1. Between copies, how close do the A:ASN33 label points come, placed 7 Å along Cα→Cβ, listed in nm from shortest?
2. In peptide A:112-120, what is the residue-averaged number of other protein chain Cβ atoms found within 10 Å of each Cβ?
3. List, in the order given, every pair from A:LYS116/B:LYS88; B:LYS14/B:LYS116; A:LYS63/A:LYS88; A:LYS48/A:LYS102; A:LYS99/B:LYS116 whose Cα-Cα distance in the structure shown is over 22 Å.
4. Rounded if a/c is under 1.5, else prolate if a/b is larger than b/c, else oblate: which is segment B:63-136, with a ≥ b ≥ c the root eigenvalues of its Cα gyration tensor?
5. I want to check the label-to-label distance for A:GLN22 and A:GLU138. Put each point 7 Å from Cα in the C-beta direction and report it in nm to one decimal.
6. With angles folded into 0 to 90 degrees, how steeply does helix B:39-49 sit against the dominant principal axis of chain B? Use alpha carbons for both and round to 10.
7. Over segment B:1-141, one equal point on each Cα, no solvent: what is log10 I(q)/I(0) by the Debye formula at q = 0.18, 0.21 Å⁻¹?
8. Within segment A:57-136, list the GluC sites (Glu not before Pro) lying in a DSSP loop whose Cβ has at most 15 other Cβ atoms in a 10 Å radius.
Protein chains: 2
Amino acid sequence: MEDEKQVFTNYLLKKNLRDTPQREMILDDFLKNEGHISAEQLYDIVKKRDPSIGQATVYRVMKLLVEAGLAREVDFGDGVIRYEHSYKHPHHDHLICRKCGKTVEVMDSIIEELQKRLAESFGFELTDHEMYLYGICEDCQNKKD
Amino acid sequence: MEDEKQVFTNYLLKKNLRDTPQREMILDDFLKNEGHISAEQLYDIVKKRDPSIGQATVYRVMKLLVEAGLAREVDFGDGVIRYEHSYKHPHHDHLICRKCGKTVEVMDSIIEELQKRLAESFGFELTDHEMYLYGICEDCQNKKD
DNA sequence: AAACTAATGATAATAATTATCATTTCGGAG
DNA sequence: CTCCGAAATGATAATTATTATCATTAGTTT
């Protein structure tokens, strides 16, 4: 966690941006919450510590964290952008249960390689991708019966 | 195209929904436009034929078309849901150029199989998935130089 | 400490989509 | 063929997430 804060400070320095208590606080609460969190949810959390915080600030800082390589946007298709930790959390994809919403982070290097080749076979230079696998998790399958 | 209209009529019949000129018209214009079209864009097109059409109707009919298996939602992450033809257009994924927005429909059965296995290895029964490959297309790579 | 500039917070704006509801229209019963 | 009840439509308001605006506040540099 100290690492991440250092990364952020360095990023701000490099970009000539200011290190403010709000930015520190938002990063701090973001880091404390593993998983996928929306700007709105994070706003609710930060507000408890500092009720004077503005929600626009939270939205703004999340964008900064993405640029700084500390957060990554995730879009489960429900109209809300969520953020996950990016620092020391290498790229992965998501498995999402259609019943309960549970998510699992997955990674398959063969799929990754095939995606790259598939793109290249159409002349594309692959920059990034999104892959969301939707299904029914084990728990929900059992409940069904 | 007659096929699709038949499918729609049958669907409406089965669901005890009414066959209205608006629904016919919207389906008709949707079928005439290959590619990915938003409800808003389709509304603009249908409006030319019948200026009295309401945009809510277009949004509603698109949902019907999805249920009838004639259209499929596509989400390129820009906040707009687009629709593509589904009937006789089997599942595929998309390759999207980050520069010019060009899209290519792609399909790789090995990737599909690996996705299924990956999900199963976590106890999930895969129902569907979304895979968007982003990159730079050949044209845009050349323009760069 | 002064001056300059960026950041903040409150609020308005935006954009896509959905909900509401009065009016119209379809489709079957008589 | 006409009447009735339910469903569909169109206009509009509401919603939701996010972004823009802008006056005020607060870092930073000198």
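Each reported figure results from applying straightforward, stated rules to the coordinates on display, with no laboratory input. As the structure is a computational prediction, the values presented were derived from the model and not from experiment. When we count neighbours, we look across all protein chains shown, and the Cβ atoms used for this are built from the backbone with ideal geometry, even at glycine.
1. Spelled out, the distances from A:ASN33's label point are 3.8 nm.
2. Per residue, the number of nearby Cβ atoms from other chains is 4 on average.
3. Details: A:LYS116/B:LYS88 27 Å; B:LYS14/B:LYS116 32 Å; A:LYS63/A:LYS88 18 Å; A:LYS48/A:LYS102 26 Å; A:LYS99/B:LYS116 18 Å.
Those over the limit are A:LYS116/B:LYS88; B:LYS14/B:LYS116; A:LYS48/A:LYS102.
4. Numbers: a/c = 1.87, a/b = 1.19, b/c = 1.57.
Oblate shape, in that a/c is at least 1.5 and b/c is the bigger or equal ratio.
5. Spacing of the two 7 Å Cα→Cβ label points: 4.5 nm.
6. 40 degrees
7. Result of the Debye calculation: -1.08, -1.26.
8. Working: sites: A:GLU67, A:GLU73, A:GLU84, A:GLU105, A:GLU112, A:GLU113, A:GLU120, A:GLU125, A:GLU130; in loops: none.
The qualifying sites: there are none.
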